[in-house]
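**Student:** Below is one structure. I have some questions about it.
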Amino acid sequence: MSNPTYSLPLEEAALRDRLRQYKRLIELSRDLALTLNLDTLLRRIINIAVELSEAEAASILLYDESTCHLHFRNSTNFDEQVTNGINVPLEGSIAGWVVTNRQPVIVNDAHNDPRFSGIVEKATNYHTSSLIGIPMIYKDRMLGVLEVVNKTRDTFTTDDVDILMVLAAHGAIAIQNTRLFHQSDLIAELVHELRTPLTSLNAAAYMLEQPEVSAEQRSQLAGTIQKESSRLNDLVSAYLDLARLESGRAVFEPTQFDIGPIIDECIRLVESMAAENEIRLVQELEPNLPMLSADEKKIRQVLLNLISNSVKYNHKGGNVLVRAYTLPEEFIISVEDTGIGISPDARPYVFEKFYRTPEGEKAAPGTGLGLSISRRIVENLGGHIDVASRPGEGSTFSVHLPLR
Ligand code: ADP
């Protein structure tokens, strides 16, 4: 039988403790609504989770409903470079179980739990003994999983789950808010950008119907329709790419690969465009380059964008030099051209979405999205991209990736 004189103060102490924790949760989660930057927001959520659950570390895995992918996004104990891109399978993982069952889970002996996948442990060398997984749901939509790992004293309890459920609910609203904000911003810009090709298409279609239009004019109008609809197509697919990257839904699948064949392939893809303008493409690879550890398809996308720009914005008879080399901490791929260049005034804006320089607009059609997509990809891989240029003489775009 319990002794009332001792159990009451103990219960009171526990209650007071919980109250203090909930007060702290309210205090901390007030800040969640203050940012519209997804990374900042996710970092705040995991820091609060660590503090409230007295865990060693916390992470967030985002879920993409359209592809059913669950991928590591932020964690308190690893660099983004290490974890970004780790895909966690829905089958055979604790986070996957949380997504499938839409329920929280406490595991106090991870290695003896059949659902534990060990994928993250293998990739990071970080030992997990206990963990809690909490679904992050907004209006029935599964946004991801919040995980806390290794309780620093005792074991995780249902009290920890309760408080983390409240944090995850606040967090899910904040995540959805940042996504909606960026989406509406992006949609407004897209609609604006769609107007020009749509107006040209409309005008060309109208002209085609006029009886006085000659056969030659008709064929020119058909050419315009083809060009503008292909531009519309490019714009929409680039827009979708950017929207995925901006909302954190883009999945990065890192592998180890040689950069050489990727550069060959990109050069081959722009060769006919280059030949039309007598542009010479040359590559120079440092001997014994290490393998790159990144998402191969995304690196190809970045290089194709840079190399095709170096041809598009070049002079007739110009040159393009693609180089790959290493510095002590970096793997660098640069694309240098002898083209129209970028004025110092325009340079800060070329990585902004939909921005095109006045000279670029005159030189070739484009969407103004390629460089912003490239920057997002490279930053997601823990690197950066920069440009040096002399107007009228040429530009060099360099991708810097961390060497691990
Ligand atoms: P797009 O080429 O579709 O317009 P990008 O985002 O790839 O979109 O490039 C944005 C703008 O930056 C281009 O419109 C052009 O004005 C400028 N630009 C990009 N690459 C070069 C280059 N190699 N030389 C000169 N200007 C460039």
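The values are calculated or read from the model by the stated rules, or taken from the named source; none is laboratory data. This is a predicted model, so every value here is computed, not measured. Every residue, glycine as well, gets a Cβ built from its backbone with ideal geometry; the counts of neighbours run over all protein chains shown. Ligands, DNA and RNA are stripped out before the accessible areas are found, and what is left, the full protein with its side chains, is counted by its heavy atoms. Shrake-Rupley method; radii C 1.70, N 1.55, O 1.52, S 1.80 Å.
**Student:** Within the stretch 182-224, list the GluC sites (Glu not before Pro) lying in a DSSP loop whose Cβ has at most 16 other Cβ atoms in a 10 Å radius.
**Tutor:** E209, E212
**Student:** Can you figure out the FRET efficiency of I26 with K362, using R₀ = 51 Å and their beta-carbon distance, to the nearest 0.05?
**Tutor:** Here the calculated transfer efficiency is 0.35.
**Student:** Which percent of the accessible area of the stretch 300-347 is formed by carbon and sulfur heavy atoms (probe 1.4 angstrom)?
**Tutor:** Taking all protein chains in place, the stretch 300-347 shows 49 percent carbon and sulfur surface.
**Student:** Determine ³J(HN,Hα), in whole Hz, for all residues of the stretch 341-354 in sequence, where each value follows from phi through the Karplus function 6.51 cos²θ - 1.76 cosθ + 1.60 and θ = phi - 60°; x replaces Gly and Pro.
**Tutor:** Couplings: x, 9, 6, x, 5, 7, 3, x, 9, 5, 8, 7, 5, 6 Hz.
**Student:** Report the number of Lys pairs in the chain whose alpha-carbons are under 20 Å apart, with separation of 8 or more residues or on distinct chains.
**Tutor:** Close lysine pairs found across the chain: 7.
**Student:** Of the candidates P211, P89, P391, which one comes out as most mobile in a Gaussian network treatment of the chain with C-alpha springs shorter than 10 Å?
**Tutor:** P211
**Student:** Full-extension gain between A188 and R153, please, as 0.36 nm times their residue separation minus the C-alpha to C-alpha distance.
**Tutor:** Gain on extension, A188 to R153, equals 7.6 nm.
**Student:** Per residue, how much accessible area does the chain show when a 1.4 Å probe rolls over the protein heavy atoms, in square angstrom?
**Tutor:** Ligands and nucleic acids excluded, the result is 52 Å² per residue.
**Student:** Next up: Applying 1/(1 + (r/R0)^6) with R0 = 22 Å to the Cβ-Cβ distance of I332 and A388, what FRET efficiency is obtained, to the nearest 0.05?
**Tutor:** 0.95
**Student:** Same structure again: Counting pairs of alpha carbon atoms under 8 Å apart in space and at least six apart in sequence, what relative contact order in percent does the stretch 252-404 give?
**Tutor:** 24 percent
**Student:** Where the Cα atoms of the stretch 232-350 are projected onto their three principal axes, how long is each span, largest first, in whole Å?
**Tutor:** Dimensions of the stretch 232-350 along the principal axes of its Cα atoms: 41, 39, 30 Å.
**Student:** I've got another one for you. How long are the three semi-axes of the equivalent ellipsoid for the stretch 119-176, computed from the Cα gyration tensor as the root of 5 times each eigenvalue, in whole Å, largest first?
**Tutor:** Working through the eigenvalues yields semi-axes of 23, 16, 7 Å.
**Student:** Loop only per DSSP, at most 10 neighbouring Cβ atoms within 10 Å: give me the trypsin sites (Lys or Arg not before Pro) in the stretch 108-143, ordered by residue number.
**Tutor:** Sparse-neighbourhood loop trypsin sites (Lys or Arg not before Pro): K139.
**Student:** Got a sec to turn the phi values of the stretch 164-180 into Karplus ³J(HN,Hα) couplings, 6.51 cos²θ - 1.76 cosθ + 1.60 with θ = phi - 60°, whole Hz, x for Gly and Pro?
**Tutor:** 5, 4, 5, 4, 5, 5, 4, x, 4, 5, 5, 4, 4, 4, 5, 5, 5
**Student:** Sort out for me the Cα centre separation of the stretch 206-221 from the stretch 40-68, rounded to whole Å.
**Tutor:** Using only Cα atoms to place each centre, the spacing works out to 59 Å.
**Student:** Follow-up question, since we're still on this one. Return a whole-number percent for the relative contact order of the chain, with Cα pairs under 8 Å and 6 or more residues apart as the contact set.
**Tutor:** Reported relative contact order: 12 percent.
**Student:** Here is a follow-up. When the accessible area of the stretch 12-179 is split by element with a 1.4 Å probe, what percent falls to carbon and sulfur?
**Tutor:** Carbon and sulfur: 49 percent of the exposed surface of the stretch 12-179.
**Student:** Give the Debye-formula value of log10 I(q)/I(0) at each listed q (0.14 Å⁻¹), with one equal scatterer per alpha carbon of the chain, two decimals each.
**Tutor:** Here the Debye-derived log intensity ratios amount to -1.22.
**Student:** If each Cα of the stretch 12-179 is one equal point scatterer, what is log10 of I(q)/I(0) from the Debye formula at q = 0.10, 0.13, 0.16, 0.17 Å⁻¹?
**Tutor:** -0.33, -0.57, -0.88, -1.00
**Student:** Would you compute, from DSSP H runs of 4+ residues alone, the mean residue ellipticity of the chain at 222 nm, taking -39500 (n - 2.57) per run and dividing by the full residue count, rounded to the nearest 500?
**Tutor:** Helix contribution divided over all residues of the chain: -16500 deg cm²/dmol.
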